[in-house]
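Report on one structure; see the data block that follows.
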Amino acid sequence: MFKGLRKTLSSTHNICRSVTCREPIKRCKVLTLDSMNPHVRNIEYAVRGPIVIRAGEIERELKEGAKKDFSAVIRANIGDCHAVGQEPLTFLRQVLAVCTYSKLFDDPSIPDDAKQRAERILTSCGGKSVGAYSDSTGIPALREDIANYIEQRDGFPCDPDDVFACAGASEGIRNVMKLLMTAEDGDNRAGVMIPIPQYPLYTATIAEYNAFPISYFLNEEDKWSLTLDELRRAIREAKSHCRPRGIVIINPGNPTGQVLTRQNVEDIIKFAKEENLFILADEVYQFNVYAKGSQFHSFKKVVREMGSDYNDIEVASFMSISKGFMGECGLRGGYTEVINLDPDVKAMFKKALSAKLCPTVVGQAAMDVIANPPKPGEPSYQLFKKQKDAVLGQLAEKAQMVSEAFNSIQGITCNPLQGAMYAFPNIELPQKAIEAAKAKGMEPDAFYCFAMLEETGICVVPGSGFGQREGTYHFRTTILPPVDQVRDMLGKFETFHKTFLQRYS
């Protein structure tokens, strides 16, 4: 018996060694770069990519006493509002404080309207505790309050059963996109239309799900607008490679900061009907509109206003507490509203969500505060309005400051920042810089951004991480730091840019 067992083990070692191992007596790793899920290996996420890793290393070097031409790294790579100094909203944190520590109901320093919001939320939680699981789709009070918010915003009814809580918009986007997958390869795999430039969540998720990215280009020469001709070109060229299933719209735009016109929104809806596409509307910056004449138009509202011919179009819209005037990125709160979903598919969607148990309930409570803010006449209204207006007012000021500053520098052009929290300037790079980048195996704009980080401490993201037309170069920077820091950053950038051009001219 033992002789047979030894023979079996020896055979197993030989099989193992022939696949991945060189050593006959060492255990094989189940996961290697060659054997792991190739779709996960293909994920790229520029806003936390190599340049951001290097920024972290520089921060550690500075703490250890390294001498550089700057004293701190300016993190302009990601829309993390509180990380760069934005103060939390008092009312929101008061509600969360009471929700997490119920003895504060007896604290006279907490206003009554904050306690009332906390009571409403806790009454909707199991055991009146945010430590209990919620329904997989979200606590009932939250879904009702979000439905009321959407109804007031759009002027059309919203069914709470169409609302799904999520741990930030990113999770909601991934949940819906998963429904669109075909689980097939080749020209039968799902295709998803994405804007270029785009937020890297989309290319990362498409890679992970083994879908096909259908890139449509925004028009930089016309304030990053889009046209039906470009949408039709993109889908026509993609049909031999995939089954187009959905179209992603980011409005207001990330990284480009544009706000779609009403006509743009209508054109997209008409196109989606023509091509039988599911619309994924990333609307997390709906509060962030600054430019005169610009206005946010929700896809749900425009679909309803376009009449019965369009009432069968499936639309998922996404919102988050991470952006807007709230900036609560770490709390991971958000919602998805899905309209016109087939009832059987909705049941399957709920089943899939139930496997995740529930989104963070504290994040749900924070989202509820934004859907159900203080009303005029309530104790917290004036302070809430003052803080909200201050954040949005400063963002508007910085949006204008940043675009004007970039456009005043030789070799830089930047479209007006109509909304969102970012600028995406175009940089003209000297041929010698392009050649130097290629010699190092780098994209030219990444080469430029790494040089900027090393020489100034400014951390931005190369445009190649978001997608761009061939032969053009960009970078994305946030406008989130305080006004004085943004002004200082722009001064450092101008000095760096002029030095860089001289070096490679």
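Please treat every number below as a calculation from the coordinates, not as lab data. Computed from a predicted model, the values in this text were never measured in an experiment. Here the Cβ positions follow ideal geometry from the backbone for every residue, glycine too, while neighbour counts run over all protein chains shown.
Below is a table of values for the structure above.
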read-out	value
Over 23 Å between alpha carbons, listed pairs K292/K386; K300/K385; K68/K492; K239/K301; K292/K498	K300/K385; K239/K301; K292/K498
Nitroxide proxy distance, nm - points 7 Å out along Cα→Cβ at Q485 and S294	2.2 nm
Extension gain (nm, one decimal) between H82 and A97, 0.36 nm per residue minus Cα-Cα	3.6 nm
In order through the stretch 228-233: 3J(HN,Hα) via Karplus (6.51 cos²θ - 1.76 cosθ + 1.60), integer Hz, x for Gly, Pro	4, 4, 5, 4, 5, 4
Beta bridge orientation in the chain: antiparallel %, DSSP, nearest 5	50 percent
Where labels lie 7 Å past Cα in the beta-carbon direction, separation of N148 and E435 in nm	6.7 nm
Inter-part distance where the stretch 458-498 and the stretch 241-316 are each reduced to a Cα centre, Å	28 Å
Using a Förster distance of 41 Å, the FRET efficiency for E61-S109 (Cβ separation, nearest 0.05)	0.40
Karplus-derived HN-Hα couplings along the stretch 257-269 (A = 6.51, B = -1.76, C = 1.60, θ = phi - 60°), whole Hz, x at Gly and Pro	x, 8, 10, 5, 6, 4, 5, 4, 5, 4, 4, 5, 5
The stretch 97-153, relative contact order [Cα under 8 Å, separation at least 6], %	27 percent
From phi via Karplus (6.51, -1.76, 1.60), per-residue ³J(HN,Hα) for the stretch 143-152 in Hz, x at Gly/Pro	5, 5, 5, 5, 4, 5, 4, 5, 4, 5
Net charge of neighbours whose Cβ lies under 13 Å from the Cβ of E151, counting Lys and Arg as +1 and Asp and Glu as -1	-1
Estimated FRET transfer efficiency when R0 is 41 angstrom, pair R503-A72 (beta carbons, to 0.05)	0.95
Computed lengthening from L33 to D344, 0.36 nm per intervening residue step minus Cα-Cα distance	108.1 nm
Set K178/K350; K223/K438; K270/K350 screened for pairs whose C-alpha atoms are more than 19 Å apart	K223/K438; K270/K350
Principal semi-axes in Å for the chain [√(5λ), Cα gyration tensor, largest first]	36, 33, 28
Listed peptides 226-232, 283-289, 210-216 by packing density, highest first (mean Cβ within 10 Å)	283-289, 210-216, 226-232
Computed [θ] at 222 nm, helices only, for the chain once each DSSP H run of length n ≥ 4 contributes -39500 (n - 2.57)	-14000 deg cm²/dmol
Two-site label geometry, E274 and A390: point separation in nm, points 7 Å out along Cα→Cβ	4.9 nm
Long-range amide H partners of R476 with built H, under 5 Å	V461, G463
Efficiency of FRET between E454 and A132 - r from beta-carbon atoms, R0 35 angstrom, step 0.05	0.10
